[in-house]
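Student: Submitted below is the structure of interest, expressed as structure tokens.
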Amino acid sequence: MKYNKILPAIALSCMLFTSCDDNLMDWGKDPDHGDITSAELPLELAEKISRYEPLKTYTDFKLGSGIDLNLYMNDAVYQSLVNENFDEVTLGYDMKHGPMVAANGDLKFDKIDAFIAKTKEAGLSVFGHTLVWHQNQNASYLNSLIAATIIPGSSGPSSLDLTALKAGALTGWSAWNAGAGITVVDGAGLVSGTKAVKLISSASSSSPYQLQLITPLIPIVSGHKYEISFFIKSDQTGQGRVAFDAVPALTNSYPQKDWYGTGAAKSSFFATNSSWQQVKFTLDGADFVAGSTNFKFNFDLGSLPNVTYYVDVNTIAAVDLDAVQTVTNLITNGNFESGALSPWSGYGNNSTRAISASGAGHSGNYAMVLMNPAAANNYEAQQVFSLSTPLEINKEYTCTFWVKSDVPAALQFELQGANYNADYSGTFNVTTSWTQVVKKITTTKGDRAKFIFDFGATAATFTIDDIVLTDGSTTGGGAGTPAVTIEKTDAEKATLIGGAMENWISKMVGHYKNDIHAWDVVNEPMKEGGSLRDGVVNNPAADEFYWVKYLGKDYAVTAFKLARQYGNATDKLFINDYNLEASLAKCDGLIEYVKYIESKGATVDGIGTQMHITLSTNKDQIAQMFQKLGASGKLIKVSELDIALGTKSPTLEQLANQSAMYQYVIDSYRQYIPKAQQYGITIWGVSDNVEEHKNWLTDQAPNVWDAEYKRKHAYKGVADGLAGKDVSKEFTGDIIIP
């Protein structure tokens, strides 16, 4: 076998470092020297790096890589580098709460199941990252669990017929474009157990009318104002408007009119989120086409794709604000203007009952006349009205009527139920002049189905008119009551969020019980000074949710217990944080928190230190951090190691210093962490390729392979650190050219 030249190796070196040593020889046979021996060949750095084995060859602890799921599944070169060089992989994003948890709290496993299957084929283990964190959460879902209960106000009865929706059907309603579906669903309304209309925009939806639900016809009275209102929420940030079907009824069917907001913020669109909110605005006379007798309005919810909206059925209303407001009377014949007593009936003590002569009523032509011929007791003579349905229990009702008698007399009324049990008004005096009686009475049972006048105590003739029994509800328009917001108590929130944590951890850990045997259970619990985060944050991001805010200091205790309960007894459960090398106080605080967690009966197997560092990171503090972590007695993992250079075009010196820093970190880990506590090191990211750095360390060149997936100088630093020596010193320099 002949060794005759090294041109390919020199070319590789030039390509990697952009310049070559001008003094390098063009190796070939020198006739004055004889054959070239391998010991005489110069071995350049690029050639050395190319001769290194895969990284995992050089260590017996777990060597991991923080990877991108889509690149691993779809980029063959990327996948090959990961498979050849690492024992374990950690997904940077896709296994976190945000991407895994759906709007209803269910988990979406398909994507990760496919990933797990692919890593099994390659012989890789997967590190679970991460169960309980404050970022990358489905905060919309979690906040919806603890959102205040909103009881909608009423401006009066709606002119819109909701009969079909309340029965679970869309009969009479229409949709120009139903998007990804419009249905009426049970249990999704504002109040527990009530119905909501569920509307889903399609993946391509981009215009309001691409998801549109149209009401039945709503009758209108010329000149009257109408209030449109409803409660709505969505599984993520959404946008909607109300438009009007061209009957024609409105002067602006697809409004540019700003219905919502105030001042400069007024808009024809409203925003939605995971909390119920009321949309309300008023149509006045100028908004209607003259002569219109009815109109329709549309829910236009197609502006944004893949949004699921819920509109509470019971709160959709079109109220005539100028309608005459009247009290709802449970006595259907209380003014006797029909000239008949029905459905009143009576008996006892030879009493009689009749309609008065025309003109003898209090405010109209007729009244009810009751005659008791002889004094007895109240109950000997009674006049009864049977209600259509029993009254509600423990509810206050008001009874008013006008009454007079031919002689001073006594009278009472009662609300009677089964077995003659009743709630009584008490006896009151009646004079010979018309007097209005106003009495409040509260029901004590839910069977009160009869209203009864007891008039047997006095021999007298009573004339009674304008009888009203009401619970205070009204019909017609006019000013109503505002919405009422009921906040959940701290205890209620703790129960709901505790349940959400168990749902998440039990399903996640349980589903992957046979596939994943190490987890980041709690991520980034500490503040920089070493105290525990408290969740008090101004303007949190859309995906931020602080479990500690609702579950307190023991949130991590609960998380570790749940991870152990639903996983395996031998699983390795970690707590993980960043900047432990930059803030030794934070490192101390994390170790103390681990002690607290274990004092409460949970077990923490390991501590992860992320180590997102730079060339200027203090090396002495790195050593001190490892010494502190080693003294904890726990498994120690460098969980997210990368070294940012601050540029995407580093110099040779920066590349060399990056390599030296990688080696220093690994050397320090091996030096200060006892062998039995060395879980392993995970390098965060594979290469400097832009696809890996869209959301992390953009233009920082932090990784071991460059943007073209070629080994950088850092590859040698990592390998030498793992091996505990300069591996390249053992190379002979022989290059075989076929």
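The values are calculated or read from the model by the stated rules, or taken from the named source; none is laboratory data. Note that the structure is predicted; figures quoted are calculated from it, not measured. Cβ coordinates were reconstructed from backbone atoms using ideal geometry, including for glycine residues, and neighbour counts include every protein chain displayed.
Student: Any idea which of Leu142, Leu63 is surrounded by 21 or more Cβ atoms within 10 Å (Cβ to Cβ) and assigned to a helix (DSSP H, G or I)? Reasoning before the result, please.
Tutor: Working: Leu63 fails: assigned to a helix (DSSP H, G or I).
Being surrounded by 21 or more Cβ atoms within 10 Å (Cβ to Cβ) and assigned to a helix (DSSP H, G or I) holds for just one of Leu142, Leu63, which is Leu142.
Student: Condition (residue is over 24 Å from the mean Cα position of the chain (by Cα) and either buried (at least 16 other Cβ atoms within 10 Å of the Cβ) or in the same structural domain as Lys280 (by TED's automatic domain parsing) (or both)) applied to segment 297-311: is it met by at least one residue? Write out each step before concluding.
Tutor: Looking only at segment 297-311, we keep the residues that are over 24 Å from the mean Cα position of the chain (by Cα), and these are 297-298.
Among the residues that remain, those that are also either buried (at least 16 other Cβ atoms within 10 Å of the Cβ) or in the same structural domain as Lys280 (by TED's automatic domain parsing) (or both) are: 297-298.
Checking segment 297-311: at least one residue is over 24 Å from the mean Cα position of the chain (by Cα) and either buried (at least 16 other Cβ atoms within 10 Å of the Cβ) or in the same structural domain as Lys280 (by TED's automatic domain parsing) (or both).
Student: Of the numbered conditions (1) more than 14 Å from Gln212 (Cβ to Cβ); (2) over 24 Å from the mean Cα position of the chain (by Cα); (3) not polar (S, T, N, Q), Asp235 fails exactly one; give the number of that condition.
Tutor: Of (1) more than 14 Å from Gln212 (Cβ to Cβ); (2) over 24 Å from the mean Cα position of the chain (by Cα); (3) not polar (S, T, N, Q), only one is false for Asp235: (2).
Student: Collect the residues in segment 676-700 that are at positive phi and at pLDDT below 95, keeping them in residue-number order.
Tutor: Leu697, Asp699
Student: Just checking, how many residues over segment 135-172 are in contact with a helix residue (DSSP H, G or I) (Cβ under 7 Å, 6 or more places away or on another chain) and not charged (D, E, K, R)?
Tutor: Summing the residues that are in contact with a helix residue (DSSP H, G or I) (Cβ under 7 Å, 6 or more places away or on another chain) and not charged (D, E, K, R) in segment 135-172 gives 12.
Student: Against the definition (surrounded by fewer than 15 Cβ atoms within 10 Å (Cβ to Cβ), in the same structural domain as Val197 (by TED's automatic domain parsing) and free of Cβ contacts under 8 Å to residues at least 40 places away in the same chain), how does Ala265 come out, yes or no? So that I can check it myself, show each step before the final result.
Tutor: Working: surrounded by fewer than 15 Cβ atoms within 10 Å (Cβ to Cβ): yes; in the same structural domain as Val197 (by TED's automatic domain parsing): yes; free of Cβ contacts under 8 Å to residues at least 40 places away in the same chain: yes.
Answer is yes for this residue.
Student: State which residue is farthest from Ser144 (Cα to Cα) when the search covers only segment 160-182 and only residues that are of a type in the set (Ser, Thr, Tyr) and exposed (fewer than 13 other Cβ atoms within 10 Å of the Cβ). Before the answer, list the steps.
Tutor: So the first thing to find is which residues in segment 160-182 are of a type in the set (Ser, Thr, Tyr), and the list is 163, 171, 174.
Now drop any that are not exposed (fewer than 13 other Cβ atoms within 10 Å of the Cβ), which leaves 163, 171.
On the way: Thr163: 28, Thr171: 30 Å.
Of everything passing the filter in segment 160-182, Thr171 is farthest from Ser144 (Cα to Cα).
Student: Within segment 165-224, which strands (runs of 3 or more DSSP E) (wholly inside it) include 1 or more residues that are at negative phi, among the hydroxyl-bearing types (Ser, Thr, Tyr) and within 28 Å of the chain's Cα centre (by Cα)?
Tutor: Details: elements: 181-185, 196-200, 212-214.
By residue number, 181-185.
Student: Every residue in segment 568-589 that is within 29 Å of the chain's Cα centre (by Cα) and under 16 Å from Ala556 (Cβ atoms), please.
Tutor: Listed by number, the residues that qualify are Leu573, Phe574, Ile575, Asn576, Asp577.
Student: Do we find a residue being in contact with a strand residue (DSSP E or B) (Cβ under 6 Å, 6 or more places away or on another chain) and either charged (D, E, K, R) or outside any helix (DSSP H, G or I) (or both) anywhere in segment 659-676?
Tutor: yes
Student: Does segment 614-667 hold any residues that are within 21 Å of Asp720 (Cβ to Cβ), at pLDDT below 95 and either within 38 Å of the chain's Cα centre (by Cα) or among the acidic types (Asp, Glu) (or both), and which are they?
Tutor: Glu653
Student: Restricting the search to segment 394-453, which residues are surrounded by 15 or more Cβ atoms within 10 Å (Cβ to Cβ), assigned to a loop (DSSP other than H, G, I, E, B) and of a type in the set (Lys, Arg)?
Tutor: Listed by number, the residues that qualify are Lys445, Arg448.
Student: Could you tell me how many of the residues in segment 80-101 are part of a loop (DSSP other than H, G, I, E, B) and either closer than 19 Å to Tyr709 by Cα or not aromatic (Phe, Trp, Tyr) (or both)? Even if it seems obvious, please write down each step before you answer.
Tutor: To start, the set of residues in segment 80-101 that are part of a loop (DSSP other than H, G, I, E, B) comprises 86-87, 92-96.
Adding the requirement that they be either closer than 19 Å to Tyr709 by Cα or not aromatic (Phe, Trp, Tyr) (or both) leaves 86-87, 92, 94-96.
Number of matching residues: 6.
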